[in-house]
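The structure under discussion appears below in the form of C-alpha cells.
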Amino acid sequence: MMANSPADVLIELEEAVATCPLDRCARILSGIMQLLTGNRDRSQELLAGVVDGVLLRLTGRVEPSALVQLSNTLAELTVAPPETLRRLASHDDPDVACPLLLKSQALTAADLATIAAACGERHQRAIAARTSIKSEVAEALIKRGGPICLVLINNPGTQFSEAAYAGLIAMSEQDGEIMKALALRPGTPDLVIRKLLSVSPGKTAPAKPTASAVAPAQATAPARPKPPSAAAYASARPEIVALSRVGKLNDSTVNRFAIRGETANLFTALSVLSGAPIEIVEHVMIDDDCEGLVMACRASRLNWATTLAILSNRGGARLSFAERERAQHMFETLLLSTSQWTVRWGEIAASASTSVQGHRGAKMGVNR
C-alpha cells in the first residue's frame, strides 16, 4: 500500500478538523506539537509545510490557552509553519503573540516590521526586547514614537539605520531623555552626537522680540554652574586618577560626565588629562570666549564630539552656529604640542596668582 502524500494527508486532516469536537481538536493540536518538537533530526521544512494548513484551521477552533501553549512551542523552533507563525505573532492577545515576537528566529525582519507598524504596546515591547533587531524593524517601531524608542536605544542588539537616527534626532527636540540615551549609547556615530548636541530639547518657536521684552529675555539666559566645592573635588579625584591609570579616562567617559552634568568629575578629568590646574579649568569653563576651553580639550587629546559636548553642556547661553563653526575650526587646526605647551604656560601663570585677574592673565596665553 502506497503512503499518502502530504496533500492527501492535509485533505483528510482538514475534513476531520471541520467536524471533530473541540476537545478532540485540542488533542490533535497537542499531538502535532509533540511531533514538531520530537523530530528535530528530520526535515523541519517539510514537516512545517505539511502541518501549516492544519494548524491554521485548528487555531480557530481551540481555547486561547491552547494558542498560548502553541505559541510558546513554535517560539523555540528555528523552522516553523510560516502562516501559522505570522497569524499567532500578530494575534490581538499579547499572551499569544509575545512569546513569538520576543524569541522566534523563524519570523523574518519583514514580518516583524509589518507587525510593529500596527501592534499594541505589549507587542512593541516584546519586539524591542529581542536579542537582535534589524534596522527596518527599529524604523517601524520608531515611527510609532513614545517610550518604545528608549527601549530600543537601551537594547545593545538594536541596529539603527540613517533613517532611524534621523527619526530619533527629530524626537529629541521634544524629549530630552531620548537625546540623553542616544548620546550615551555606545557606538552612536560622532555625526549623530553632533546633531543631537545642536538640538534644543523641548524648544518652541521664539516670539517676536519687542523693546520691552529684550532685557527680560537676556536676563533669563541660563546661568553658568557654580564650580564644585573642595569636598566634591576631593571625592572625584581618586576615581578620575584611577581611570586615567588604566586607560579608561577617554572620550566616552568624559562625554558622559559632560552630558550628565557631573561637574566635579568633568573638571577633574580635564585637569588630569591636560595637566592644567583645576583653577584654570574652572576659568575656561565659565569664560564667554570658548578658545581656552577648546585649547584644554585639545591638550587633553579629546576628540571634537566630546569637546562639543563639553561646550554645549557647560551652562550659559547656547553656542550659535557661527560660534560652533569657529570652535571646530580652531580645534581642528590646533597642534597638540602647541595646546599642551600653552596649557603648561597657563599653569605657570596660575601659580603666580590665584586671583581672578591672575586667571585673566593666564587666559591671554592661549592665543596662538
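Remark: spin-label model distance residue 63-residue 333 equals 7.9 nm, labels positioned 7 Å along the Cα→Cβ axis.
Summarising the amide proton neighbourhood of residue 158: residues at separation of 5 or more, or on other chains, whose placed amide H is nearer than 5 Å comprise 133. Summarising the amide proton neighbourhood of residue 175: residues at separation of 5 or more, or on other chains, whose placed amide H is nearer than 5 Å comprise 202.
Per-peptide packing, taken as the mean over residues of other Cβ atoms within 10 Å, places 64-74, 290-300, 258-268 in the sequence 290-300, 258-268, 64-74 from highest down.
Remark: segment 139-149, residue by residue, has Karplus-estimated 3J(HN,Hα) of 4, 4, 6, 4, 5, 6, x, x, x, 4, 5 Hz, where x stands for each Gly or Pro and the curve is 6.51 cos²θ - 1.76 cosθ + 1.60 at θ = phi - 60°. Applied to segment 244-260, the Karplus parametrisation 6.51 cos²θ - 1.76 cosθ + 1.60 on θ = phi - 60° returns per-residue 3J(HN,Hα) values of 5, 5, 9, x, 9, 8, 10, 4, 4, 5, 5, 4, 5, 4, 5, 5, 7 Hz, with x for Gly and Pro.
How large is the convex hull of the Cα atoms of segment 242-303 per residue, expressed in Å³ as a whole number?
So the per-residue Cα hull volume is 80 Å³.
Within straight-line reach of residue 134, meaning a Cα separation under 15 Å, sit the following aspartates and glutamates at least 8 residues removed in sequence or on another chain: 111, 162. Residue by residue, segment 300-306 carries 3J(HN,Hα) couplings of 7, 6, 7, 8, 5, 4, 5 Hz when phi is fed to the Karplus relation 6.51 cos²θ - 1.76 cosθ + 1.60 (θ = phi - 60°); x denotes Gly or Pro. Please give me the summed charge of the neighbours of residue 129: other residues whose Cβ is under 13 Å from its Cβ, Lys and Arg +1, Asp and Glu -1. After counting each charged neighbour, the total is +3.
A short reminder: the numbers here are calculations on the coordinates, not readings from a lab. The shown structure was predicted, so the numbers you read here are calculated from the model rather than taken from an experiment. Note that each Cβ is placed from the backbone with ideal geometry, even for glycine, and that neighbours are counted across all protein chains shown.
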